[in-house]
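**Student:** Following this message is one structure expressed as structure tokens.
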């Protein structure tokens with residue numbers, strides 16, 4: 001009898017490790033959420049303060065001034081693996097650099113020389129048809145308004161107000177065209193000058209890229225050198241995978257969209273295909289931004305063209321999202337959707353469309369740095385999901 005009560009007592013005193021582990025898991029999830037919210041709050045407060053101080057304006061000015069240097073570093077970084085491979089094949093570093101540079105410039109010239117004339121012709125032809133397309137869009141909108149016509153609601157007044165606002169916006173934009181054109185010409189010359197200088201800087205960097213990296217590392221204290229090298233290698237690998245995957249996916253989107261739009265009878269198919277390829281880089285919303293103008297112009301041309309263009313966009317998005325992306329981008333940024341959206345909002349807000357395009361690699365870099373800090377100082381357990 002005594003043994004029976006003793007066994008019951010021991011069962012009561014027995015620790016339920018399953019419940020403890022479950023509680024620890026829940027606490028860990030809560031801490032992760034709190035940690036993410038704190039990071040978002042810090043980023044928001046930091047950007048708010050930095051905006052008030054004019055920090056981002058200063059950054060934009062510095063980026064403009066230093067853009068040739070950044071272009072040169074990026075070119076040298078991208079081409080260095082090819083030059084290093086040639087060096088392993090007993091080709092002199094300088095000769096390998098010159099050969100790589102000549103081939104790179106030649107390929108770039110051939111691509112631009114093939115695409116730009118087509119784009120120029122399509123844009124000119126499309127510009128001539130803009131009034132006709134706008135008239136068709138107006139007829140289409142009139143048809144929609146007519147369906148919702150109600151004696152209790154003056155639909156014509158609303159329609160007139162809408163058209164007046166659109167017309168005033170077009171007139172205002174048209175009046176600024178000379179100023180905009182001058183700014184564009186200035187911007188083109190400035191960009192070309194930055195690109196030329198960037199190519200020159202990239203060439204000199206590529207001649208002695210490895211030594212330039214070693215000299216830069218030599219200024220860093222030895223105790224943090226190994227840790228920093230590990231972080232830099234992870235960032236380097238992540239960015240290379242992202243650029244490689246993005247180039248492959250964007251090229252496929254460009255070719256398939258251009259051919260598909262041409263087959264559908266859409267005006268300026270190469271232009272809209274290129275637009276779809278560029279906007280596709282923007283996570284989640286990019287494909288819709290790219291498809292919208294093509295579909296609108298398609299329906300303005302004819303219902304059949306618009307329907308075919310819409311089907312092509314949906315089919316490409318389905319194939320790209322379910323087959324091409326997982327196959328090509330499997331080794332690239334492994335970021336949580338919430339992280340991607342936060343980056344999209346923050347960088348899009350401060351840097352516009354360019355910020356939205358580069359938000360994913362930038363958030364990946366931030367994640368790598370935060371993960372390194374966490375592993376080094378054991379702040380909180382964060383998974384790599």
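The values are calculated or read from the model by the stated rules, or taken from the named source; none is laboratory data. Bear in mind that the values here come from a model prediction, so they are computed numbers and not experimental data. Cβ coordinates were reconstructed from backbone atoms using ideal geometry, including for glycine residues, and neighbour counts include every protein chain displayed.
**Student:** Quick test for you: out of 304, 266, pick the one residue that is over 13 Å from the mean Cα position of the chain (by Cα) and either on the phi > 0 side of the Ramachandran plot or not in a helix (DSSP H, G or I) (or both).
**Tutor:** Residue meeting the stated conditions: 266.
**Student:** Quick check, is residue 282 in a helix (DSSP H, G or I) and touching a residue at least 24 places away in the same chain (Cβ under 8 Å)? Break it down into steps so the answer makes sense when it comes.
**Tutor:** Numbers: in a helix (DSSP H, G or I): no; touching a residue at least 24 places away in the same chain (Cβ under 8 Å): yes.
When the stated conditions are applied, residue 282 does not pass them.
**Student:** Any residue that is surrounded by 11 or more Cβ atoms within 10 Å (Cβ to Cβ), at pLDDT below 65 and assigned to a helix (DSSP H, G or I) - is there at least one of those in the range 165-177?
**Tutor:** Yes: one or more hits.
**Student:** Does residue 275 satisfy the condition of being under 14 Å from the mean Cα position of the chain (by Cα), at pLDDT 85 or above and crowded, with 16+ Cβ neighbours inside 10 Å?
**Tutor:** Values: under 14 Å from the mean Cα position of the chain (by Cα): yes; at pLDDT 85 or above: yes; crowded, with 16+ Cβ neighbours inside 10 Å: yes.
Judged against the criteria, residue 275 is a match.
**Student:** Does residue 277 meet the test of being in a helix (DSSP H, G or I), under 25 Å from residue 123 (Cβ atoms) and touching a helix residue (DSSP H, G or I) at 6+ places or on another chain (Cβ under 6 Å)?
**Tutor:** Against the criterion (in a helix (DSSP H, G or I), under 25 Å from residue 123 (Cβ atoms) and touching a helix residue (DSSP H, G or I) at 6+ places or on another chain (Cβ under 6 Å)), residue 277 qualifies.
For every residue, the table says whether it meets (1) outside the structural domain of residue 197 (by TED's automatic domain parsing); (2) without any contact (Cβ under 8 Å) to a residue 12 or more places away in the chain; (3) within 24 Å of the chain's Cα centre (by Cα).
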residue	(1), (2), (3)
72	no, no, yes
75	no, no, yes
78	no, no, yes
82	no, no, no
88	no, yes, no
92	no, yes, no
98	no, yes, no
102	no, yes, no
106	no, yes, no
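**Student:** Then there is this: Just one of the numbered conditions (1) more than 19 Å from the chain's Cα centre (by Cα); (2) more than 30 Å from residue 234 (Cβ to Cβ); (3) assigned to a helix (DSSP H, G or I) is not true of residue 290; which one?
**Tutor:** The number of the failed condition is (1).
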